[in-house]
Amino acid sequence: MGNLNPMIITFAIYLIVVIAIGFIAYFSTRNFDDYILGGRSLGSFVTALSAGASDMSGWLLMGLPGAIYLSGLTESWIAIGLTVGAYLNWLLIAGRLRVHTEYNNNALTLPDYFHNRFGAESRLIKLVAAAIILFFFTIYCASGIVAGARLFESLFHVEYSTALWLGAGATIIYTFIGGFLAVSWTDTIQASLMIFALILTPIMILIGLGDWQQTMASIQAAATTAGMEYSSLFAGTTFLGIVSTAAWGLGYFGQPHILARFMAAESVGAMKNARRIGMTWMILCLAGAVAVGYFGIAYFQEHPELAGPVTQNHERIFIELATILFNPWIAGIILSAILAAVMSTLSCQLLVCSSAITEDFYKGFLRPYASQKELVWIGRFMVLLIALIAIWLASNPNSLVLGLVAYAWAGFGAAFGPVIILSVFWKRMTGKGALAGMIVGAIVVVLWKNSGINLYEIVPGFIACFVTIILVSLFGGEPPKEVVKKFEEADKAYRTEV
């Protein structure tokens, strides 16, 4: 245990810092708007890094490198699809959604935005959207808790059941106390940690192996031994396989925790700079994650005696390489990046779930005249409730991070993605169309997931949602005139600000 002391110390320092930020944010949280969206005050730098950090959860440092290590560069289509999807989301949706949510009664949540965007008769859409958020986000939160538990289990040799609580505890504390501001400020630190770890680790693997030629030779030797082709984007896959992996990019348009960052930006003008910062950060992080998995093939080919833990669970590759390659003090910082990735995503997911229950169920139906202080405290207790349910779902030690994330990502992308896109571009869209599309998208994802067909469920779900919205909107009557007028005002305001 003596060798682990530096890691324990660096982890402890990191955890103390993020909890301290939670307390600082507590004193800046005056009302429910502050708790849920930080008073729409985020600048471009914090908007960019918090959007990136909340997006790139534990799967970036565990799931993606593990997939590359197992199958080679064919799995990097996920990274390519995500990069394209994220760029289009920033370019087409970010600024428009910021303006449309403000013009639609200063909506704080996606269900609230849908309710106001499509008129008062669309009350049911608020309930359905909130229910979809709670269903898929609870699964998503569980994936973050699994990733955190794997980290604590590997490093500190504790039982998985104990590691669950260690991994989730600090996140729950600072989200409970500080709300959106705490989540966004800590995301900025966490994003910095993640990019540092993902740039430095591949460099250290190359240094450890000697040089680039030696690394490539080792990868080729591993490929020959395994009967695989690790260095090709197309080997061992099909057209449907490439579509399935690249289709991850479609998910961006419907992720509530990422869209919340756009809604919280201080202005449309901040988006252009945020897009540049966010995309640079994202490309470097994804490239680093792919490189860790790819170069890791070579490293464990050269050092098979160290490959046992990775052979047992390929998602531990980043943890093992960081522990082997770095001085324990530096390893503590590097591995804090996994905890940072987990905490940044888990915290904003807990907050979005909390806001869905508090704003869309509690205030919307039970206590419409609840005070701001009451709403903030209900929001805090909902964070605890969702966290406990997610911990229960994550209690299976055989859970794989990437599988849990893939399901939830598809659910949001298919249920909300087309609704968001069309709601900010098409004034003819109706509430009935949005509601029908949302339900069809979510149902197709759930049914397709269990069908055994080898195509990522987001593809049929997204298409089904898009087509349903258009057909029901065109053949189900026109939207109310006041809804169209509000859309035109928001659209005009956006064009003025750009």
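Here are a few things to note about the model shown:
So that you can scan it fast, the table gives a plain yes or no per residue for (1) of a type in the set (V, I, T); (2) surrounded by fewer than 21 Cβ atoms within 10 Å (Cβ to Cβ); (3) assigned to a helix (DSSP H, G or I):
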residue: V99; (1), (2), (3): yes, no, yes
residue: E102; (1), (2), (3): no, yes, yes
residue: A107; (1), (2), (3): no, no, no
residue: I133; (1), (2), (3): yes, no, yes
residue: T138; (1), (2), (3): yes, yes, yes
residue: S143; (1), (2), (3): no, no, yes
residue: V146; (1), (2), (3): yes, no, yes
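- One residue alone among A264, A235 is open to solvent by less than 10 Å² (accessible area, probe 1.4 Å), more than 16 Å from the chain's Cα centre (by Cα) and modelled with pLDDT under 90, and that residue is A264.
- From the options G85, G81, G66, G119, residue that is farther than 30 Å from D360 by Cβ, touching a helix residue (DSSP H, G or I) at 6+ places or on another chain (Cβ under 7 Å), among the small types (G, A, S) and surrounded by fewer than 24 Cβ atoms within 10 Å (Cβ to Cβ): G81
- Listed by first and then second residue, the pairs with beta-carbon distance under 6 Å, at least 6 apart or on different chains, first residue in region 58-77 and in contact (Cβ under 8 Å) with a residue 60 or more places away in the chain, second among the aromatic types (F, W, Y), are L61/F318; P65/F318; I68/Y294; G72/Y230.
- Region 153-185, subset surrounded by fewer than 21 Cβ atoms within 10 Å (Cβ to Cβ) and among the aromatic types (F, W, Y), residue farthest from E320 (Cα to Cα): W165
- Highlighted here are the helices (runs of 4 or more DSSP H) found entirely within region 336-453 that include at least 1 residues which are at pLDDT 80 or above and among the hydroxyl-bearing types (S, T, Y): 401-425.
- Condition met for T224 (open to solvent by less than 10 Å² (accessible area, probe 1.4 Å) and assigned to a helix (DSSP H, G or I)): no
- Selection count, region 273-305, where residues are touching a helix residue (DSSP H, G or I) at 6+ places or on another chain (Cβ under 6 Å) and not hydrophobic (A, V, I, L, M, F, W, C): 10
- Pairs where the first residue, in region 448-461, is among the aromatic types (F, W, Y) and the second is assigned to a loop (DSSP other than H, G, I, E, B), C-beta under 9 Å, 6+ apart: W448/L455; W448/Y456; W448/E457
- Of the numbered criteria (1) touching a Cys at 6+ places or on another chain (Cβ under 8 Å); (2) open to solvent by 10 Å² or more (accessible area, probe 1.4 Å), the one N450 fails is (1).
- Qualifying residue in region 375-394 (condition: without any contact (Cβ under 8 Å) to a residue 12 or more places away in the chain and open to solvent by less than 60 Å² (accessible area, probe 1.4 Å)): no
- Once region 297-307 is narrowed to residues that are without any contact (Cβ under 8 Å) to a residue 24 or more places away in the chain and more than 19 Å from L64 (Cα to Cα), the residue that is nearest to the chain's Cα centre (by Cα) is L306.
The values are calculated or read from the model by the stated rules, or taken from the named source; none is laboratory data. All values derive from a computational prediction rather than experimental measurement. Virtual Cβ from ideal backbone geometry, glycine too; neighbours counted across all protein chains shown. Please note that ligands, DNA and RNA were not included when accessible areas were found on the heavy atoms of the full protein model with its side chains. Shrake-Rupley method; radii C 1.70, N 1.55, O 1.52, S 1.80 Å.
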